[in-house]
Number of protein chains: 2
Amino acid sequence: MTTMTAETTDGRLRRGETTRRTVLKRAVDIASIQGLEGLSIGKLAGDLEISKSGLFALFGAKEELQLATIRAARRIYADAVVAPAMAAPAGLERLWAMTEAWLVYSQTRVFPGGCFFAKATHDYAARPGKVRDSLAAANLEWMELVEKTVVEARELGHLAANTDARQLAFELNAFYEGANLISLLRDDDTSAYDLARRSVQTRLEALATSGSPRPWE
Amino acid sequence: MTTMTAETTDGRLRRGETTRRTVLKRAVDIASIQGLEGLSIGKLAGDLEISKSGLFALFGAKEELQLATIRAARRIYADAVVAPAMAAPAGLERLWAMTEAWLVYSQTRVFPGGCFFAKATHDYAARPGKVRDSLAAANLEWMELVEKTVVEARELGHLAANTDARQLAFELNAFYEGANLISLLRDDDTSAYDLARRSVQTRLEALATSGSPRPWE
């Protein structure tokens, strides 16, 4: 009896986890196009043919669903962008791998609406609340990672000793987001990614020390 | 009788125009925070104590209101950003005046939610329709103006003859938008604008010919 109950509970938990993943997979895609505001538990339930009460049980109110969607998007971003960058050796190789991973992540539409975070963050930047706080925290964590990657390159002697890490991180990220937006606005224009690549290369070339690796060549 | 009718019609047209301006002033502010999706004729009518039927008569459906709001935002942007840039002499002075005007436009919150276009364009970039087309056209016109301003500086000999105008325009605009977003996300952090100023200066210094004006000094 005890065993059966445990099995039943396990089964229910597993099914709950599967449903949760299915819902969040759909939610990140919708949010990348329509925005987090466009998420609706009722509409998701209809789309996925899941009971509305079941979804409420899994996510609670809309804001909880939005926050869970941001967490799911962070996991996807970590796999698509952060992991390939971290797999490269620290220094200019890693900075360039990060650049490539970001641009490919946007260009291949890992999220159908382009970068999930560019979209969601612009959407909520001026609207105080938990959603904005969650997106601001994700943005800060990302910018700190870019900055840390620049610092590593400087400490390895790949970049000039007077390289301002916060400044360069700001510039690289601005190029990434600039390319993402232009690519979404101008249909069939993939040249935005080439623009960003050249911009990053120009800045890295200007700061690279002689003899440091030049992975873009 | 003819004269009276003409006066009445004139008076009605004037009142209609005044109402229209009042509504659009409010609509651009709301849209810069909540997004164009958040505009509602019913809510605007309530906020401004104007009859809903009167607003429908002036704007028609929601999409018409959204398009009129974009046009109103373009006029405000033209006054805040384009006019001060065009008032400066062509060349590096104008490029720098454009940079200053853009950053001040964002920092002083001409629109309460920061740059109207950064917000609205991210919001609609992946959603086909007239609203997206209108925002894409505004973006293209702006980017062409930045590029033209770079070309002028090159033709005046202020920038190196091999300066890639499209590339530099992409970079300047990416710095502007990057500063706008960071400033919205990190409360009380005005240093984003200093980051952008330094980035623009670094790029212009790298491409400026000797003896050309250096308005940033």
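The values are calculated or read from the model by the stated rules, or taken from the named source; none is laboratory data. On a predicted model such as this, the values are computed, not experimentally measured, just so you know. Virtual Cβ from ideal backbone geometry, glycine too; neighbours counted across all protein chains shown.
Identify the residue in the range A:33-59 that is part of a helix (DSSP H, G or I) and of a type in the set (Asp, Glu) and, among all such residues, is modelled with the lowest pLDDT. Talk me through it step by step, then tell me what you get.
Of the range A:33-59, the ones part of a helix (DSSP H, G or I) are A:33-34, A:36-38, A:41-48, A:52-59.
Imposing the further condition that a residue be of a type in the set (Asp, Glu) reduces the set to A:37, A:47.
Numbers: A:Glu37: 91, A:Asp47: 88.
Here the residue is A:Asp47.
Any residue in the range B:21-29 that is surrounded by 13 or more Cβ atoms within 10 Å (Cβ to Cβ) and modelled with pLDDT under 90?
For the range B:21-29, residues surrounded by 13 or more Cβ atoms within 10 Å (Cβ to Cβ) and modelled with pLDDT under 90: absent.
Are there any helices (runs of 4 or more DSSP H) wholly within the range B:105-185 with 3 or more residues that are under 14 Å from B:Ala196 (Cβ atoms) and touching a residue at least 40 places away in the same chain (Cβ under 8 Å), and if so which? So that I can check it myself, show each step before the final result.
On the way: elements: B:116-124, B:130-155, B:165-185.
Of the helices (runs of 4 or more DSSP H) lying wholly inside the range B:105-185, those with at least 3 residues that are under 14 Å from B:Ala196 (Cβ atoms) and touching a residue at least 40 places away in the same chain (Cβ under 8 Å) span B:165-185.
Hey, among the residues in the range A:154-188 that are more than 7 Å from chain B (Cβ to nearest Cβ) and polar (S, T, N, Q), which one's farthest from the chain's Cα centre (by Cα)?
The extreme case among them is A:Asn162.
Check off (1) surrounded by 15 or more Cβ atoms within 10 Å (Cβ to Cβ); (2) under 14 Å from A:Ser106 (Cα atoms) for A:Thr190 and give me the number that stays unchecked.
So A:Thr190 meets the others, but not (1).
Of these, A:Ala101, A:Ala90, which one is part of a loop (DSSP other than H, G, I, E, B) and of a type in the set (A, V, I, L, M, F, W, C)? Break it down stepwise before answering.
On the way: A:Ala101 fails: part of a loop (DSSP other than H, G, I, E, B).
Of A:Ala101, A:Ala90, the one residue that is part of a loop (DSSP other than H, G, I, E, B) and of a type in the set (A, V, I, L, M, F, W, C) is A:Ala90.
Please count how many residues of the range A:35-83 are surrounded by fewer than 19 Cβ atoms within 10 Å (Cβ to Cβ), within 14 Å of chain B (Cβ to nearest Cβ) and touching a residue at least 12 places away in the same chain (Cβ under 8 Å).
Qualifying residue count, the range A:35-83: 1.
Take B:Ala153 and tell me if it is in contact with a Phe, Trp or Tyr (Cβ under 9 Å, 6 or more places away or on another chain), under 21 Å from B:Ala88 (Cβ atoms) and at pLDDT 95 or above. Show your work before the answer.
Values: in contact with a Phe, Trp or Tyr (Cβ under 9 Å, 6 or more places away or on another chain): no; under 21 Å from B:Ala88 (Cβ atoms): yes; at pLDDT 95 or above: yes.
Spelling it out, it is not the case that B:Ala153 is in contact with a Phe, Trp or Tyr (Cβ under 9 Å, 6 or more places away or on another chain), under 21 Å from B:Ala88 (Cβ atoms) and at pLDDT 95 or above.
Residue under question is B:Leu65, and the condition is that it be assigned to a helix (DSSP H, G or I) and under 25 Å from B:Phe170 (Cβ atoms); does it hold? Walk me through it before giving the result.
Details: assigned to a helix (DSSP H, G or I): yes; under 25 Å from B:Phe170 (Cβ atoms): no.
No: the conditions fail for B:Leu65.
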